[in-house]
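The next block holds one structure in the form of structure tokens; read it before the comments.
The values are calculated or read from the model by the stated rules, or taken from the named source; none is laboratory data. Please read these numbers as outputs of a predicted model, since none were measured by experiment. Here the Cβ positions follow ideal geometry from the backbone for every residue, glycine too, while neighbour counts run over all protein chains shown.
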Amino acid sequence: MASDYLRPQYNTVGQGEATEFPLKDSMRYMVNPGSVGQPRDGDWRAAFAMFDSTDRVVTFCRVPYNLKQAQERILTANLPQRLATRLAAGR
């Protein structure tokens with residue numbers, strides 16, 4: 001069993017990006033695209049992935065959103081402040 005892993009590399013901080021990974025037919029994969037909110041990898045943008053089952057390609061995406069507005073909504077909902085802070089820090 002291999003313990004290798006692939007992680008998309010992004011080139012920007014505040015722009016939308018996508019990185020494609022072709023999958024081998026003979027391999028099994030576990031894909032974790034991250035989170036649309038409450039990131040833990042230092043990147044505040046929303047993270048998600050799309051799987052094309054015909055071409056066997058996983059596309060990892062990062063999309064910026066209105067961070068300040070999201071933080072304000074968290075605080076307005078009386079949720080813990082750390083949740084709003086975490087959005088910007090990505091940790």
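How many residues does region 45-59 contain that are in contact with a Lys or Arg (Cβ under 9 Å, 6 or more places away or on another chain) and either on the phi < 0 side of the Ramachandran plot or free of Cβ contacts under 8 Å to residues at least 12 places away in the same chain (or both)?
Residues that pass the stated criteria total 4.
Which condition does residue 73 not pass, out of (1) without any contact (Cβ under 8 Å) to a residue 12 or more places away in the chain; (2) within 22 Å of residue 33 (Cβ to Cβ), if it passes all the others?
All conditions are met except number (2).
Identify all residues within region 10-58 that are exposed (fewer than 14 other Cβ atoms within 10 Å of the Cβ), of a type in the set (S, T, N, Q) and either farther than 20 Å from residue 89 by Cα or modelled with pLDDT of 85 or more (or both); write none if there are none.
Listed by number, the residues that qualify are 11, 12, 15, 26, 32, 53, 54.
Any residue in region 78-90 that's under 12 Å from residue 35 (Cβ atoms): show its pairings with residues that are of a type in the set (Val, Ile, Thr) and surrounded by 11 or more Cβ atoms within 10 Å (Cβ to Cβ) at Cβ separation under 9 Å, as long as the two are six or more apart or on different chains.
87/74
Restricting attention to region 59-77, and to residues there that are among the basic types (Lys, Arg) and surrounded by 12 or more Cβ atoms within 10 Å (Cβ to Cβ), which single residue is nearest to residue 15 (Cα to Cα)?
The extreme case among them is 62.
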